[in-house]
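Only one structure is covered here, and it is reproduced in the block below.
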Amino acid sequence: MNSKEFFNLCAQEYDSVYYSAENTENKDIAQHLTNIIEQNKVESIIEFGCGNGYWLLLSASIGVQRILGIDQSVAMLSVAKSKLINYPFVEVLESDITQQMQFESLFDMAIISFVLSVIESCRLDCVIDNVSKSLRRNGLLFMVENKQPSLSANDVCKLTICEHWGGAKYDVTYHLYSCTFLCHKLEEYGFRIIEPIDINSDIYCLVAQKK
Ligand SMILES: C[S@@+](CC[C@H](N)C(=O)[O-])C[C@H]1O[C@@H](n2cnc3c(N)ncnc32)[C@H](O)[C@@H]1O
């Protein structure tokens, strides 16, 4: 099963697994993201791999006026659209972010959350290039990622986990990039790192600015 089919399959269950009330790390991430949006008066946001629209909804609810979410999964986008019914100005687009993209107008902020870990390392450059190209000069990037296991000191390590979705078991392989590696990669694509933010033992955020 490819990644698109996999995310189509988990779309309906995704919120109850990752965005239930017990997942307090989402509240921490939301607080950091909200502060950055408000302090920098962010008016437009593009999200790469927006999934079920959790961060799109947050951005719309705090007053961001132009929002575009991109995802390859029609089923995830359909969940996102149903949540965003009261925010008709939020646009969603079905597209593959590992292919070269063109942007007619540029954004103040790009979000990419729990997406790089599902991207093969051979496609990573193209994704980061797209993210960089979507931003205006001094535009901000807010990235959320899984940390590598503490023993790993590699640029990228693969982790295969047996997950249960829709009553069946699937072996899912994640590509966990080290924070140092991602910082260097972002610098290569014209970003200045502002700060890494530690959320908990598994998750961190990176804030960067396009030069
Ligand atoms: C783990 S989910 C994260 C969803 C959301 N960003 C979040 O934080 O809840 C990864 C998302 O990335 C999307 N994705 C993975 N590869 C993609 C690709 N090549 N192009 C577009 N979207 C992709 C998946 O369809 C899925 O919705």
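Readers should treat all values here as calculations from the given coordinates under stated rules, not as data from a laboratory. Everything numeric here is computed off the predicted structure, so don't read it as measured data. Neighbour counts are summed over all protein chains in view; Cβ atoms, including those assigned to glycine, are modelled from backbone coordinates with ideal geometry.
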Counting alpha carbon pairs within less than 8 Å and at least 6 residues apart, what relative contact order, in whole percent, applies to region 149-211? 23 percent
For a footprinting-style exposure proxy, rank 56, 186, 159 by other Cβ within 10 Å, fewest first. 159, 186, 56
Built amide H within the under 5 Å cut-off of residue 67, gap 5+: 45, 91
In nm, to one decimal, how far is the modelled label at residue 2 from the one at residue 179, with both set 7 Å along Cα→Cβ? 3.4 nm
Coil-residue chymotrypsin sites (Phe, Trp or Tyr not before Pro) of region 1-72, DSSP, other Cβ within 10 Å capped at 13: 19
With unit charges on the beta carbons (Lys and Arg positive, Asp and Glu negative) and the dipole taken about the Cα centre of the chain, which residue among 62, 150, 20 sits farthest to the positive side? 62
The pairs in 4/147; 158/211; 133/211; 27/147; 147/210; 27/83 lying past 20 Å Cα-Cα in this model are 4/147; 158/211; 147/210
For a quick check: with amide H placed at 1.01 Å from N, whose amide H comes under 5 Å from residue 199's, ignoring anything fewer than 5 positions away on the same chain? 204, 205
If you stretched the chain out fully between residue 95 and residue 122, how much longer would it get, using 0.36 nm times the residue separation minus the C-alpha to C-alpha distance? 7.9 nm
Residues residue 39 and residue 136, FRET efficiency given R0 of 22 Å [Cβ-Cβ distance, rounded to 0.05]: 0.80
Given Cα pairs under 8 Å that are at least 6 residues apart, what percent is the relative contact order of region 57-158? 25 percent
Listed residues 160, 98, 34; largest mean-square fluctuation, Gaussian network over the chain with Cα springs below 10 Å, found at 160
Max mean-square fluctuation residue, GNM over the chain, Cα-Cα springs under 10 Å, options 13, 104, 38: 104
Please give me, ordered by residue number, the chymotrypsin sites (Phe, Trp or Tyr not before Pro) of region 84-180 that lie in loop per DSSP and have at most 13 other Cβ atoms within 10 Å. 89, 103
May I ask for the distance between the Cα centers of region 126-173 and region 5-50, given as a whole number of Å? 14 Å
Can you tell me the dipole magnitude for the chain around its Cα centre, using point charges on the Cβ only (Lys, Arg +1; Asp, Glu -1), in Debye to the nearest 20? 440 debye
Taking a spot 7 Å from the Cα of residue 160 along the direction of its beta carbon, which residues of region 1-25 have an amide N less than 20 Å from it? 1-7
